[in-house]
1. Whole Å is fine, so just give me how far the alpha carbon centre of the range 116-152 lies from that of the range 231-270.
2. Pop a pseudo-label 7 angstrom from the Cα along the beta-carbon direction at both residue 89 and residue 169 and give the gap in nm to one decimal.
3. Residue 219 to residue 284: FRET efficiency via 1/(1 + (r/R0)^6), r the Cβ-Cβ distance, R0 25 Å, to the nearest 0.05?
4. How high is the relative contact order of the chain, in percent, counting Cα pairs under 8 Å that sit 6 or more residues apart?
5. For residue 217, enumerate residues with amide H under 5 Å from its amide H, sequence gap 5+ or separate chain, H modeled in the peptide plane.
6. Using a 7 Å offset from Cα along Cα-Cβ at residue 188, what residues in the range 62-88 end up with backbone N under 20 Å from the label point?
7. Normalising by the residue count of the range 53-120, find the relative contact order in percent from Cα pairs under 8 Å and 6+ residues apart.
8. Run lengths n ≥ 4 of DSSP H only: what is the helix-derived mean residue ellipticity at 222 nm for the chain, with -39500 (n - 2.57) per run over all residues, to the nearest 500?
Amino acid sequence: MADATICNNPATPGAFCAGLMESLPLFYCDYHEIPLPPGHKFPVRKYRMLRERLEPDSRFCLSPSPPADANTISLAHDAEYVNRFIAGTLPHAAMRRIGFPWSEGLVRRTMASAGGTIAAAEDALTQGIGGTLAGGTHHAFRSEGAGFCVFNDVAVAIHWLRSVGRARRFAVVDLDVHQGDGTAQFFEHDGDVFTVSLHGKNNFPLRKQRSKIDIELEDGTGDEEYLGTLDTVLPQVWDFAPELIFYLSGVDALAGDRLGRLSLSLEGVEARDRKVVGGANAQHIPLAITLGGGYAEPVELTVRAHANTFLIAAEVFGAAGAVGAATP
């Protein structure tokens with residue numbers, strides 16, 4: 001599976017679809033298994049379920065994420081931290097903060113997740129839109145991880161894009177329900193990265209960092225207030241005129257999410273996605289979409305919300321494949 005590209009557009013069977021808009025390229029890394037103990041609260045199966053939901057739809061071209069290497073990760077992260085994680089020699093307390101037991105599968109998946117975000121960013125710069133069915137690991141700091149995040153995939157992608165001269169000026173629109181504290185700290189003093197976070201005021205992390213814009217939302221915030229707030233924020237993103245926007249499209253703001261505390265409806269999350277994706281397209285700003293949190297029960301609700309993000313992106317950016325089974 002890891003060496004195959006799933007491209008269901010009949011005009012380009014088996015082809016990598018960068019540069020085409022017959023289908024929207026998406027990367028996935030669920031072919032790397034993470035062994036977790038019974039009852040672990042991380043919904044690892046949602047990633048495979050999401051891929052399987054989107055695969056039959058010819059508007060999407062799915063490819064295994066190319067893994068980032070240690071040198072690429074170390075452009076953003078402390079090299080000793082990177083190497084100790086890969087070798088499995090981080091202290092137990094450090095792995096406990098991350099929230100996963102160490103395994104070779106976790107290493108492979110973590111490297112692929114970062115590589116997928118880099119690849120999605122390259123696609124976005126080439127053709128206006130790119131996406132990954134992973135990523136959004138925004139709680140990772142330079143020398144430590146937390147909250148199910150080992151490396152900060154967006155920070156790695158930004159550092160890599162700068163190192164190869166692909167882009168310099170970025171915006172990060174983080175709509176996961178938890179503040180992107182690692183991302184905020186990475187770029188707090190960087191005038192060429194505009195970080196935005198709409199998040200639950202009383203939710204993890206308890207110690208917030210400083211994004212360029214932080215909007216703290218009270219428990220129970222619903223569609224109207226959330227979308228109205230977003231409408232005040234997005235014009236500031238467009239005015240910043242980034243060369244590329246990273247959109248962390250976590251769906252844990254849904255009502256009933258186990259770790260969320262907000263009360264957005266499925267339709268509200270769709271409207272949120274349409275504002276970000278449609279706005280970026282209207283402003284002619286390349287957009288790279290990552291996932292983020294989503295802990296609803298049943299997990300099918302989370303998967304549906306994640307799928308809708310990419311269905312909206314395919315619609316807005318004009319992917320022309322025939323509608324398939326992923327249609328909500």
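Values in this text are rule-based calculations from the coordinates and carry no lab data. None of these values were measured; they are calculated from a predicted model. Glycine also receives a Cβ, built like all others from the backbone with ideal geometry; neighbour counts cover every protein chain displayed.
1. Going from one Cα centre to the other spans 16 Å.
2. Result for the modelled spin labels: 4.4 nm.
3. My answer for the efficiency is 0.10.
4. The value is 21 percent.
5. 199, 200, 201
6. Only 76-79 fall inside the zone, counting backbone N under 20 Å.
7. Across the range 53-120, relative contact order equals 46 percent.
8. Taken over the chain, the calculation gives -12000 deg cm²/dmol.
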